[in-house]
Every structure is written in structure tokens, then in C-alpha cells.
Amino acid sequence: MSDQPKADVARRNFLLTAGIALAATGTTASAQLSVQPPVPPSGPKKKLGMVLFEGFELLDVFGPLEMFGMLKDRVEIVMIADKAGPVRSAAGPQTIADHGFVDAPRLDIVMIPGGLGTRREVNNPDFLAAVRTLAQDTPQVATICTGSGLLAKTGLIDGVKATSNKMAWAWATAQGAKVAWIPHARWVEDGKYISSSGISAGTDMALGLIAKLYGKEMARWVANRTEYRWQEDASDDPFAKLNGLAHGKREVGSQPSLG
């Protein structure tokens, strides 16, 4: 074969390779996740208040807030505690409460986290009264982890379906004997109340709440924007079995105090 045919073959191979690469680049670019939400905002912003107390669990607070924080065009987030100022988490780092209970703004959503501090606050009548008032006056109430134990202690969810941290199941459920506790659930929705299992489950629950308020397409967009693998099935809870829970009762062993 002369040099010219070899050159022609080489040129064709180069052009073919370049064309494939260009097509692949175009396909990738067209498939990129949009930075704009799939649904335009409508109506006024919702105000979400996260309750804080000394000894709150970090991920209980910031996992759900990271999800809602992606919706800045339709959700405003505030932190609420006994009084405005720094509040220390169970892990040590502090965050700042924007408002005390007495000057808390009107909310559309209130979230109550768990953490080791719940063991103290269930015996704090002033705190429980403030949480009760806040929850009564708010259209959507969410609890994360043992935060459901706090809400149960107020009596507001008597007869309401709820779940909690599976490692702290005995403690949490003891705070409300009349609550319809669901042991096998990642999160549970009943009327205006939505509760999650332990710690990381709060992030899945938050996406479930976003799906309820803004549609599943929006929730999936938020999960993708945060590179988070959302567990969409609220009934998929391997941690209930892992912690010996069956039909609402612990089968063996004692309850650890995590969360």
C-alpha cells in the first residue's frame, strides 16, 4: 500500500474518533442536571423553624436543613431555642438560634430534632410547653430521631402514627404510651405530623416532605443537586430488624441511649 492510502485511512480514523468524542461531549452536556428547580416558585415563601436545645444531634438538624436549603426561592429557614444565641450540639460544635420561643415568628413548618439533650428536655416543663405551643400553631410538624419522644411528651400526638430512632426505641416510645408507634418505618406521615427514624433518616424524611409540598420531581432534583441517594420508600427500614424490633416490641437485649 502506498503512503497516500495509509494517510487517507489515518485521516478517516482520526475524524471518526473526533466525531464520536464530540457526540459524547454533546450528549453529556445535554444531560447535565439543571441548576434551576424543575418547578418555578409560586406563592409566598414558607418559613421553616428548626428547634434547638443543648445536646441536639448535628445531622438531625443539618441533614434536613441542607435539603430545604436548596429551595431558597421558596423556603426561609430560622433557628429557634429557649433564647436567641449559641446552642451547643451533642458532638460539641455550636450553632446560633435566631429567635427565642417567646419571639419566634409564625411558621409554616417546624422541625424538632433528637439528640442526647432530649433526655433532659422531656423533664423541662417550660421547654415542653413552648414546643407544644409552637407545634399547635404550625401547619406542618416534623420530628427527627428522638425528637418524636419530645413531641410525644407534650401529648399532641396521642393517637397519631409516629416512629423514632430504633436504637433508642424503648426510651422514645415510653414518652407517649398513647402514640401509635410504628417500629418498621424510615419515616411516618399522619396528618400534619411527619416523623423519622434515627439521625440520617431525617434527611430522607425531609425529601419526602419536599415531595409532599412541591412534588416528587422537585424532591429528586434536590437529592441530585446534593449528590444524595434518597431512600424514597418510607417503609424500607432495615434498622428495625437490626435492633430487634418486631410488632412494636424489642425482642432481646436492652436499649442503648444513642440519639
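Worth pointing out:
- Screening T138 with (1) hydroxyl-bearing (S, T, Y); (2) closer than 22 Å to K212 by Cα; (3) over 21 Å from the mean Cα position of the chain (by Cα) gives one miss only, at (3).
- Contacts under 8 angstrom Cβ, first residue in region 131-159 being open to solvent by 10 Å² or more (accessible area, probe 1.4 Å), partner polar (S, T, N, Q), 6 or more apart: R132/T154; K153/Q175; L156/Q136
- Filtered by the rule that a residue be surrounded by fewer than 21 Cβ atoms within 10 Å (Cβ to Cβ), among the aliphatic types (A, V, I, L, M) and modelled with pLDDT of 95 or more, region 23-64 gives a lone residue, L58.
- Enumeration of residues in region 192-229 that are acidic (D, E), in a helix (DSSP H, G or I) and more than 22 Å from K166 (Cα to Cα): E217
- So E121, is it open to solvent by less than 40 Å² (accessible area, probe 1.4 Å), modelled with pLDDT of 95 or more, among the charged types (D, E, K, R) and farther than 26 Å from Y214 by Cβ: yes
- Residues satisfying the stated conditions in region 215-240, i.e. of a type in the set (S, T, Y) and touching an Asp or Glu at 6+ places or on another chain (Cβ under 8 Å): T226
- G100 surrounded by fewer than 17 Cβ atoms within 10 Å (Cβ to Cβ), out of contact with any Asp or Glu (no Cβ under 7 Å at 6 or more places or on another chain) and more than 30 Å from S34 (Cβ to Cβ): no
- Annotation: of all residues in region 239-259 being within 14 Å of S196 (Cα to Cα) and either touching a strand residue (DSSP E or B) at 6+ places or on another chain (Cβ under 6 Å) or at pLDDT 95 or above (or both), the one that is least open to solvent (accessible area, probe 1.4 Å) is A240.
- Pairs are defined by a Cβ separation below 6 Å, a sequence spacing of at least 6 or placement on different chains, a first member in region 89-109 that is touching a residue at least 60 places away in the same chain (Cβ under 8 Å), and a second member that is surrounded by 12 or more Cβ atoms within 10 Å (Cβ to Cβ); the pairs so defined are L107/K47; L107/G49; L107/T138; D108/K46; D108/K47; I109/L48; I109/Q140.
- Qualifying residue in region 194-214 (condition: over 20 Å from G49 (Cβ atoms) and free of Cβ contacts under 8 Å to residues at least 24 places away in the same chain): yes
The values are calculated or read from the model by the stated rules, or taken from the named source; none is laboratory data. Keep in mind that what you see is a predicted model, and the values were worked out from it rather than measured. Don't worry about glycine lacking a Cβ; one is built from the backbone with ideal geometry, like all the others, and counts go over all protein chains shown. In case anyone asks, the SASA skips ligands and DNA or RNA and just uses the protein heavy atoms, side chains included. Shrake-Rupley method; radii C 1.70, N 1.55, O 1.52, S 1.80 Å.
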